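Bear in mind these aren't lab numbers, they're just calculated from the coordinates by the rules spelled out. Nothing here was measured: the structure is a model prediction, and the numbers come from that model. As a convention, Cβ positions derive from the backbone with ideal geometry for all residues, glycine included, and neighbour counts pool all protein chains shown.
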Amino acid sequence: MSTTTDTDSVREDGQIESVSGPVVTATGLEARMNDVVYVGTEGLMGEVIEIEGDITTIQVYEETSGVAPGEPVENTGAPLSVDLGPGLLDTIYDGVQRPLDELEELMGSAFLDRGVDAPGIDLDRTWEFTPTVEEGDAVEPGDVLGTVPETESIEHKVLVPPRSEGGEVVAANSGSFDVEETVVELDSGEEISMRQEWPVRRQRPAEEKRTPREPLVSGQRIQDGLFPLAKGGTAAIPGPFGSGKTVTQQQLAKWADADIVVYIGCGERGNEMTEVIEDFPDLEDPKTGKPLMARTCLIANTSNMPVAARESCIYTGITIAEYYRDMGYDVALMADSTSRWAEAMREISSRLEEMPGEEGYPAYLAARLAEFYERAGKFETINGDEGSISAIGAVSPPGGDFSEPVTQNTLRIVKTFWALDSDLAERRHFPAINWNESYSLYRSQLDDWFVENVDEDWPEVRQWAIDTLDEEDELQEIVQLVGRDALPADQQLTLEVARYLREAFLQQNALHDVDTFCPPEKAFRILEGIQTFNDEAFEALDAGVPIDEITDIDAVNRLNRIGTTPDDEADEFVSEIEDDVAAELQELY
Amino acid sequence: MKEYQTITEVSGPLVFAEVDEPIGYDEIVEIETPSGETKRGQVLESESGVVAIQVFEGTEGINREASVRFLGETMKMPVTEDLLGRVLDGSGRPIDGGPDIVPDERRDIVGEAINPYSREYPEEFIQTGVSAIDGMNTLVRGQKLPIFSSSGQPHSDLALQIARQASVPEDASDEDEEDSEFAVIFGAMGITQEEANEFMQDFERTGALERSVVFMNLADDPAVERTVTPRMALTTAEYLAFDKDYHVLVILTDMTNYCEALREIGAAREEVPGRRGYPGYMYTDLAQLYERAGRIEGEEGSVTQIPILTMPSDDITHPIPDLTGYITEGQIIVDPDLNSQGVEPPINVLPSLSRLMDDGIGEGLTREDHGDVSDQLYAAYAEGEDLRDLVNIVGREALSERDNRFLDFADRFEEEFVQQGFTTDREIEETLDVGWDLLSTLPRDELNRIDEELIEEHYEDEAAEELSAD
């Protein structure tokens, strides 16, 4: 969290007038909307959210027990901003960008004390800066000035700040610097250091938003295969509790082929965040073999941490994502969960006694959600490079009811919908994404990529799988009434094929070393294998073979083991099954 | 300390008083009624000139002449190891006739959030001796696993069984951890005197009281006091766990009464209500309780929570179970149907879940086949349960032999695996063996979720043959 700059403008201190939970009012404070203030003798961080006459209303990011009227309120004169610069990755922050490891050290305790502040990026650490500009070069905002090896997998690019006027480089220093030292000087007298600040509630500028045409490959079969997300797309994962929402998010964070992952744990469980914190450093990036943390920034604001900081953590996260997007990286941003964020808005809104909208949520809920998702996308950055932010928001609908305002307002914006289903979860069908309810509006614009990079039959085979599953869904209704054996043989066979689609393709074991990540090529081969069985079996059926004998053949059971077969053996394994299936079936007639 | 006789309004559990000095938010207040009775309260809202106070012991007897004293501190719980074996009221005062408590320390009951960075991920098995929990929804140290029940169900018996039997099995714990002892903290909110007696008798009869601290807020105690009872209990738990190295199991019952109290206060303050009249901040409020479970890196002890709540009209989408489920790491569901069938404990494993189970079981923790067996039991029971609907329509004869096997399996699963009685303590080994007995009634190639080698080792061929011979 940054607190230092822009203090020249307005700075007039006030006094606390009233305290009610996280909402504090003050008098005599000359502040602008969204200015950061320090409240009380302990200096608790807060933000101005309403100004009415002489009364300024502040949401406080820390516990307010014991804070009393009459205590001072100090204005910093600056809006809530994040520190940007090398050192963001491989770090874990709270909702207002205070590094949690630093806080532990400063507080000397495992419990989060109040009134302790820490800079978002380490001011003492030095970085090796290599300029990419020379004296005399003309630079504009967004241009790359030099690079810093931030982590073993990510090269950090130092850019001319978006609000700079640009100019001619008069000095570019190579060597070791801390983040506040000047690395490049312009003829306008502007000194540029590696550390920059940006107010979290304002979108960072970009040249243009483009149509995304590449998928964000996640290695999750149902997602890549049936409901793909584009790089620069938006997706929602709504699900009742216990349906595997968080595991699905974490799988994406681990395996999605983004350069940078920003993971926001917004109002979620402490133990869950700990799992992420403990797991990620040990995980290898499947592409580079380097630690996953080296490309990850975690923001953890658990459910028992102050509610106002929960409201801000989403903004902190997306601003960091935009910063890396400006360097030309593909960023995947996970927000778990946006419902908690909406609830934080509701809580603050009700403390302000605002007129509530639907179900007590503030009337601006839809606008805030739209604003957030609109900050995602495939962009041409202001220096002409390309970068993207894919935003994946989890939604936790109360009682699993998708008709509630947060889910509905989210669905109006996002283009991919992975509907988690507690029935499936109960059956231990994981990932518990319901294939009948989910959708992706990116399918057609991503088909070209799949045809070119995986297989030219991709769209057809996928459509076949979807049709078969649809048919199964209809047949299941009849089965519920009359039993399976009452169906004609061809429909029974369809059910059998659909079962393999569910068990061998849709189900995927996140805890299995091999199955946890399935490259699209392998996913495609699994589908092909099942389709081969389908084709051969129907031929056998036409030739008069009884359905029981067809479904009884040995080879077909092995389809369920493809997922756990190592990737490099999978192709051969499927071919073997295909051959055996054909041979066994043809023997029957 | 200044005394005020400036009460301007008394409304439900709230008292408003004028003050001429700044009063801190959450500060503790003593109100003396003209008849000499002293009541305690807490500052809910502080403005210059006027404060809103919620009174714990009810506002009857308070009038404009009552005097108000502000103690200048937030609510504290006196903590000491000597609390073990004691019975306290909902505000932490002894009611067992024992000696006064000499505290080691007085701790703020609000508690601070554990830094997620300092937490240690829970992955050590707690054996409750209940198959439906140990086998299918394993509890681990540092977890918060609520019991969702409804009125008229024997959730108290289940809670007592867990409190009595909870242990860390010998082979699963490290030698040097033997020092850590189990302690049980029991926080009762709004339970009836009869229930309270039942609990106390059981605690005394089994000797469990020695390792317990009991907080009792009864149904006829003031509702507002219920909002502090769990915080008192958890503050004590944190002290015992992180200062005295105990493994603390906190049982909170009944969270529904707690939430009702929150709603009452919210209504008295004329707040804008959220769903079903519950305050909009209920999620945050509940999280501040439930999130106080956990382990901390470098500390021996742990806080494990089993909150119990009764779902109004057995509705799991009601705000109380719903918000709870989003914070806790799973839930154990008590099922009225199983209860009427006489299954003890009547746990329905299908909608039950322990999110931390996967990391707390397996080789070196419980047994290597635990994960697979549990998955397979789930799948088979779910299939049998599905078929029951069908049987009601078409009758058993219309089903295939395979389907009939699954139906039998579902019945036997309830009768032999879940059913064990409230006094039987099953070792995890025994639980898994019962599981294998049942799985062996299914054809071998139906066990598609279990590793081949494990099937080889545990599957009993005779059992299946016996059945197919019928």
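In plain terms, the chain from B:A219 to B:E37 could stretch by 63.4 nm, reckoned as 0.36 nm per residue minus the Cα-Cα distance.
For segment A:28-104, the equivalent ellipsoid derived from the alpha-carbon gyration tensor has semi-axes of 26, 16, 9 Å in decreasing order.
Mean sequence separation of contacting Cα pairs (under 8 Å, at least six apart), scaled by the length of segment B:77-359, corresponds to a relative contact order of 28 percent.
Quick one: length gained pulling A:D552 to A:L481 fully straight, 0.36 nm per residue minus the C-alpha distance?
On the way: separation 71, 0.36 × 71 = 25.56 nm, distance 2.49 nm.
Answer, rounded to one decimal: 23.1 nm.
Spin-label pair B:E30-A:E539: with each label point 7 Å from Cα along the Cα-Cβ axis, the two points sit 9.3 nm from one another.
Only helical runs count toward this figure. For the protein assembly as shown, summing -39,500 (n - 2.57) over DSSP H runs of n ≥ 4 and dividing by all residues gives -9500 deg cm²/dmol at 222 nm. From most to least packed by mean Cβ count within 10 Å, the peptides B:93-99, A:126-132, B:31-37 give A:126-132, B:31-37, B:93-99. Counting beta carbons within 10 Å around each of A:Y439, B:Y246, A:Y324 and listing the fewest first gives the order A:Y439, B:Y246, A:Y324.
Let me check against my output: what whole-number percent is the relative contact order of segment A:438-555, with C-alpha pairs under 8 Å and at least 6 apart? List each step's numbers first, then the result.
Working: 65 pairs, mean separation 31.3, N = 118.
Over segment A:438-555, the number comes to 27 percent.
With viscosity 1.567 mPa s and temperature 4 °C, the Kirkwood radius over alpha carbon pairs of the protein assembly as shown converts through Stokes-Einstein to a diffusion coefficient of 42 µm²/s.
Within 10 Å, count the other beta carbons around each residue, average over each peptide in B:283-294, B:100-111, and list them highest first.
Working: B:283-294: 25.8, B:100-111: 15.0.
Descending mean neighbour count gives B:283-294, B:100-111.
So what is log10(I(q)/I(0)) for segment B:370-469 at q = 0.11, 0.14, 0.21 1/Å, when the Debye sum runs over its Cα atoms only? So the normalised log intensities are -0.34, -0.54, -1.11.
Distance from the C-alpha centroid of segment A:57-101 to that of segment B:327-377: 41 Å, rounded to the whole angstrom. Report note on the peptides A:303-309, B:420-426, B:407-413: ranked by the mean count of other C-beta atoms within 10 Å, highest first, their order is A:303-309, B:407-413, B:420-426. Taking a sphere under 15 Å around the Cβ of B:E453 and counting the other residues whose Cβ falls inside, with K and R at +1 and D and E at -1, yields a net charge of -4. To the nearest ten degrees, helix B:193-206 and the longest principal axis of the Cα atoms of chain B are 60 degrees apart. Checked against a 26 Å cut-off, the cross-linked pairs B:K39/B:K144; A:K254/A:K522; A:K157/A:K209; A:K254/A:K378; A:K415/B:K144 give Cα-Cα distances beyond that limit for B:K39/B:K144; A:K415/B:K144.
Please give the length that would be gained between B:D96 and B:D445 if that part of the chain were fully extended, namely 0.36 nm times their separation in residues minus their C-alpha to C-alpha distance (nm, one decimal). It would help to have the intermediate numbers written out before the result.
On the way: separation 349, 0.36 × 349 = 125.64 nm, distance 5.99 nm.
Result: 119.6 nm gained on full extension.
One quarter of the convex hull surface built on the alpha carbon atoms of segment A:65-197 amounts to 10.3 nm², the projected area averaged over directions. Here, segment B:248-323 is characterised by an Rg to Rh ratio of 1.05, where Rg is the alpha-carbon radius of gyration and Rh the Kirkwood radius. Across chain B, counting alpha-carbon atoms alone, Rg and Dmax equal 25.1, 89 Å. Above 33 Å, the calculated P(r) of chain A contains 50 percent of its Cα-Cα pairs.
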